[in-house]
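The values are calculated or read from the model by the stated rules, or taken from the named source; none is laboratory data. None of the values given here were measured: they were computed from a predicted structure. Virtual Cβ from ideal backbone geometry, glycine too; neighbours counted across all protein chains shown. Quick note on the areas: whole protein, heavy atoms, side chains included, nothing else; ligands and nucleic acids left out. Shrake-Rupley method; radii C 1.70, N 1.55, O 1.52, S 1.80 Å.
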Amino acid sequence: MTEQDTPKKSTIRIWPIVILVLILTIGGAGWYIYNSYFAGDKWKPLLQAKLKELVISTSDSLYRIEYTDFDLNLTSGDATLSNFKLIPDSAVYQKLVAEQKAPNNLFTLSVKKLTIKNVGAKKAYTDKILIIDNITIDKPNLTIVNKRFSFNDTVKVGRSKTPYEIIKKVFKQLRIDAISLKDISVNYINKNNPVTRQTAINHLDINISNIAIDSVSALDSSRFYYTKGVDFTLHGYKVATPDSMYYSEIKQLYFSTAKREIILDNVDFTPRYNKADFYKKLGRSSEIFTLKFKKIAITDIDLQRFLRDQKLHAGQLDIVHGDVQIYNNSNYKGKKSIKIGKDPHQALQKVALEMKLAKLNISKTNIEYSELDATTQRTGVIKFSNTSGHFTNVTNDPEVKKQNHFMTATINTHFMDVAPLQVNFKFNLNDPKGAFNYSGTLGKFNGQVLDKLVKPLAMVHVKSADVERLTFNVNANNYGGSGHLEFYYKNLNVELLKKVEGTNQLKTQGFISKVANSLIIVNDNPDKKGNFRPGPINLTREPTVSFFSFLYKGLLDGLKPSVGFSKKTEGTVNKIVTKVSTLVDKFNQFKENRKQRKLERQARRKAEQDSIAKAKKKRIKWR
């Protein structure tokens, strides 16, 4: 919810809620003191006045409180506060702005009901130790208005008071077994830009366990902000992306400081429109992404480092049961964006939050890319199913990169549901050109399955191909790649296709296909004499080519010479195919002309016959 460009000093503070809890706990204890001197309910207005006075004094008159009722059971020590409100004073706020003392965040808080269970009032009175079993806050609604002031970045501000410094005049120790905040609503309003932006979070639950505030609790490294643990649970979060083209949705988000983990259940990133409306709305060419993950978990989070240095260091991130679909319609044209500097490992370095994940795991994830071709009007599909793997040293932290500036990955998947594929990556996180290496092995499969990809997109039909294996190793960056590929196969035979004008049907170019198989395609590698054709890769990368598209194009550059279509033969073959195509076109035109002449002769003969028949009828009539 916090903007990435928000300075550390304007991060959202929890002090309003802490102050609220302190006010109510102090008030709960105060009944014993006042009951010693006042009969009946005479203590009640005095206590209420004391609560309001405490809020005003601790907030420098910026905030005041209101509520409809405050009930206290003197026997059990239970207290209930109804319809509580923490309200900022706008006049005081403007005065603080003028004096350059205003905070960057302004809070408004309302609570439907707050319940305190079993206040140990006697011990609070005799020993100045306040012990409470439980505090429950029902339906709190918090609005945060963020307006950054330059004087907060330049003016020296004194050290904020600790919670113990706030309570020590009344209590020497405060202990609360549990605090539960149910169904929280948070509205964050960013007024730092010409257009005000809002972010809302609803249905958030927070459970805080074992709070201890005294003279030494701040030194307890096992505690997180004086607690043994804080659990956050967010239900049904859904928000549109800034460009309004997608929805991001999370069924449930869980964060535990005690377990040091974040778990996201059923994470979806889906288009807001169907494919036709998406492109109409966008107005240009682009891929459409649909991402769904059953579970994403970050574990072993270093909370102390995060609090101390604002760096996210964690043991591992797990992505489980993912479904990734990428669609492209090449009918839509338009200016393409420049991809230089935007490869995955380079994008990681631009993330505002410095981070390090020792390991990122992917399991049971399906990936599908489909493209509607503008020429054939058919959709080609490439699939990677049951994908699993892991990344190591996922980081953008300069201190970590001094020790190790390489991120590595090993991915195992099934290509087109038929063949095992393993790919290894090694990314140089410091190289300005985005250097990386990828290598791997594709196992045995029937090459006819490639028809789903090459028939719609390349107008090639694979009649037969027994693929034994394919290995590759490529060094690449933002500007190109070089390496080698080894492709082992048998019985390769293809047919070249062309579109039937006026339809989306494809038909075989029989004669040209025979020429291609005779002059270009080599049926086996190695051939019957044992000669093996390697596949050298040396490819220049266009600035608009994406990372994943470049991976595919690099392999295609090595596949061509492997099947006999080397750069040396490509020009010659193209000339032959052009000549053959011209001859075929001339022959077809000759047949068409001959057919037309035949039809014209038939029409002339019929006309002559009709004329003779008509003349005969006239002679018969005059007789």
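General observations
- Amide H to amide H distances under 5 Å link Met416 with Lys383, Phe384, Ser385, where only residues 5 or more positions off or on other chains count and H is placed in the peptide plane.
- Probe 1.4 Å, accessible area per residue of region 255-341, Å²: 56 Å²
- With the highest mean first, a sort of the peptides 299-308, 527-536 on other beta-carbon atoms found within 10 angstrom per residue produces 299-308, 527-536.
- Pairwise FRET efficiency - Val320 versus Lys350, Cβ, R0 = 22 Å, nearest 0.05: 0.25
- Dipole of region 194-340 [Lys/Arg +1, Asp/Glu -1 at C-beta], most positive-end residue of Ile201, His235, Asn329: Asn329
- Gain on full stretching of the segment that runs from Lys275 to His235 - 0.36 nm per residue minus C-alpha separation: 11.5 nm
- Tensor-based shape of region 78-182 (alpha-carbon gyration tensor, a/c under 1.5 rounded, otherwise prolate or oblate): oblate
- Largest to smallest accessible area among Ser549, Ser90 [probe 1.4 Å]: Ser90, Ser549
- Inter-part distance where region 90-142 and region 177-237 are each reduced to a Cα centre, Å: 14 Å
- The heavy atoms of Lys490 present about 110 square angstrom of accessible area, all protein chains included, probe 1.4 Å.
- Ranking Val462, Val522 from most to least accessible surface, computed with a 1.4 Å probe over the protein chains only, gives Val522, Val462.
- Region 436-457 residues near the modelled Lys499 label - backbone nitrogen below 19 Å, point 7 Å along Cα→Cβ: 452-457
- Per-residue extension of 0.36 nm, minus the Cα-Cα distance of Tyr552 and His405, leaves a gain of 50.3 nm for this segment.
- Taking other residues whose beta carbon is less than 15 angstrom from the beta carbon of Ala98, and scoring Lys, Arg as +1 and Asp, Glu as -1, yields 0.
- Taking amide H as placed 1.01 Å from N in the peptide plane, Asp397 has its amide H under 5 Å from the amide H of Met355, each at least 5 places away in sequence or on another chain.
- Per residue, region 62-199 exposes 53 Å² of accessible surface when a 1.4 Å probe is rolled over the protein heavy atoms with every protein chain present.
- Potential extension, Asn386-Asp302 segment - 0.36 nm per residue separation minus Cα distance: 27.1 nm
- Environment charge at Asp243 (Cβ cut-off 13 Å; Lys +1, Arg +1, Asp -1, Glu -1): +3
- Cα gyration tensor shape of region 200-265, rounded if a/c is under 1.5, else prolate or oblate by comparing a/b with b/c: prolate
- With all protein chains in place and a 1.4 Å probe, the accessible surface of region 185-265 carries 54 percent carbon and sulfur.
- Distance from region 248-318 to region 399-477 (C-alpha centre basis), Å: 25 Å
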